[in-house]
Amino acid sequence: MNKWFKIRLVSLMVLTVLVLAGCSPGSRKAGNEQSAVIGTATAHPGILPGGAVVSGKLEALYSANVVPKTPGKAARIPVDVGSEVAAGDLLVSLEAADLAALVDLYAAQLDKARNSDLPAQKNQAELVLSKAESGFKLAEADYLRNKQLRDASALSQQKFEEFEKVYLQEKAGYESAKKSLDILVSATIPETIRQCEAQLKKAQADFANSIIKAPISGVVTTRNINPGEMANAAQTIIGIVNLDTVAVQANVSEDQVNKVYVGQELKVRVGSVQGEPFTGKVTNIALAASASTRAYPVKIQIQNTGHVLKPGMFAEVLLGTGDEAGILIPREAVTTIEHKSFVWVVESDCVYCREVVTGQSDGKDVIIRAGLKEGERLAVTGIDALKEGMKVVIQE
């Protein structure tokens with residue numbers, strides 16, 4: 001748990017305790033001499049047409065952070081922030097003279113291995129083996145014959161050891177020649193070719209990785225490298241965002257989620273772009289509520305012709321959940337703490353905190369399902385400075 005999170009958690013706990021304590025029945029009492037200036041509104045019955053409004057931020061449906069697979073110095077960068085690229089377009093080329101040289105080297109070595117004079121080498125090895133075999137057989141015959149003479153005491157041990165020595169030498173030469181031929185034919189040349197092929201493939205891959213291309217079509221949003229600077233695998237050098245389709249993720253309540261379905265078309269209002277809403281389509285609905293918000297994330301995709309919608313823009317989604325009737329108050333009058341909603345009710349020029357149950361909202365007003373009655377007056381502005389039982393001055 002980091003320091004920032006601890007500070008935020010403590011602040012939230014203190015604020016919750018203060019508000020909940022102020023809303024307890026035993027805490028209602030006359031405030032001190034302090035007073036606050038507030039704006040008010042009156043709770044009144046009404047209907048919110050067209051369903052609830054939930055908000056979220058636009059995000060790119062497809063994006064890519066390009067990282068080089070091999071380190072190197074940037075030689076050429078033909079794109080900049082705002083450049084439109086297609087998948088496969090050149091983004092960055094790295095200096096790769098050494099990599100190109102390795103490709104040429106390993107290609108030459110492979111060509112030499114493949115075109116080695118194997119038949120001639122084999123013939124030579126076979127001649128050597130044939131000669132060694134003849135010498136070995138003669139020495140073996142002499143050895144066996146003289147061994148019989150020694151065993152019959154017709155030959156001295158010293159003389160016999162001379163024949164034995166020659167026999168062992170010829171035998172070793174024969175076995176060596178045979179092994180050399182076996183290695184030449186069955187192991188050395190094929191293994192050398194395989195090694196050269198593997199080295200060439202690695203060199204070709206490294207050289208290809210020095211040419212960095214766009215993985216998707218889109219617009220360059222970041223460029224973190226300039227010609228002459230080093231690129232490495234720990235650094236994003238180019239960021240690309242595809243703006244053809246954007247998405248907004250909104251959180252809906254448990255009483256709304258079953259009224260939304262995949263494939264449903266919903267109106268999405270992006271006030272910073274135009275007054276008329278865009279049409280989006282629901283593509284994903286979470287099957288479980290988020291542990292932190294207790295709401296169900298829903299993703300809506302919007303076709304972005306002309307790329308007028310940008311990631312990070314605020315959007316409001318109009319859920320087609322039907323009309324809802326009830327007590328209406330301005331949305332600004334509601335304070336939400338730990339998934340509970342509160343309002344400040346004005347009574348006899350004093351304010352008192354009260355918990356309420358909210359319903360649908362259209363972004364301007366909100367339905368109160370429980371906790372308020374028609375005609376009750378509420379604080380709408382200046383509520384951050386209010387305390388339980390505080391006297392207020394109503395700004396007309």
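The values are calculated or read from the model by the stated rules, or taken from the named source; none is laboratory data. No experiment lies behind these values; they were computed from the predicted model shown. Quick reminder, even Gly has a Cβ in these numbers, built from the backbone with ideal geometry, and neighbours come from all protein chains shown. Areas reflect the complete protein model, heavy atoms only, side chains present, ligands, DNA and RNA absent. Shrake-Rupley method; radii C 1.70, N 1.55, O 1.52, S 1.80 Å.
The stretch between T236 and K122 holds 35.6 nm of extra length on full extension. This uses 0.36 nm per residue minus the Cα-Cα distance. Cross-link pairs exceeding 22 Å in C-alpha to C-alpha distance, out of K310/K364; K69/K310; K281/K364; K179/K202; K259/K281, comprise K310/K364; K69/K310; K281/K364; K179/K202.
Percent relative contact order of region 303-396, based on C-alpha pairs within less than 8 angstrom and at least six residues apart? Once normalised by length, the contact order is 28 percent.
Out of every Cα-Cα pair that the chain contains, those further apart than 37 angstrom amount to 59 percent. Rolling a 1.4 angstrom probe over the chain with all protein chains present gives an accessible area of which 53% lies on carbon and sulfur atoms.
Sorted from greatest to least, the principal axis extents spanned by the alpha carbons of region 126-279 come out as 123, 49, 25 Å.
Could you work out the helix-only [θ] at 222 nm for the chain, with each DSSP H run of four or more residues adding -39,500 (n - 2.57) and the total divided by the number of residues, to the nearest 500 deg cm²/dmol? Result for the chain: -11000 deg cm²/dmol, rounded to the nearest 500. 3J(HN,Hα) along region 293-307: 9, 6, 10, 9, x, 10, 10, 10, 9, 10, 5, 10, 5, x, 6 Hz, from the Karplus curve 6.51 cos²θ - 1.76 cosθ + 1.60 with θ = phi - 60°, whole Hz, x for Gly and Pro. Take 63-75, 139-151, 238-250 and order them by the average number of nearby Cβ atoms within 10 Å per residue, most first; the result is 238-250, 63-75, 139-151. If you plug the beta carbon distance of S292 and H44 into 1/(1 + (r/R0)^6) with R0 = 35 Å, you get a FRET efficiency near 0.55.
Segment K364..K147, full-extension length gain: 66.4 nm, with 0.36 nm per residue of separation and the alpha-carbon distance subtracted. For K387, a cut-off of 19 angstrom between C-alpha atoms picks up these lysines, skipping any fewer than 8 places away in its own chain: K29, K340.
For the chain, averaging the sequence separation of C-alpha pairs within contact (under 8 Å, six or more residues apart) and dividing by the residue count gives a relative contact order of 32 percent.
Relative to the globular-protein estimate of 2.2 N^0.38 Å, the Cα radius of gyration of region 64-194 stands at 2.25.
Each other residue within a Cβ distance under 15 Å of I329 adds +1 if Lys or Arg and -1 if Asp or Glu, for a net charge of -1. Under 13 Å from a label point set 7 Å out along the Cα-to-Cβ vector of E191, no amide N atom of region 76-119 is found.
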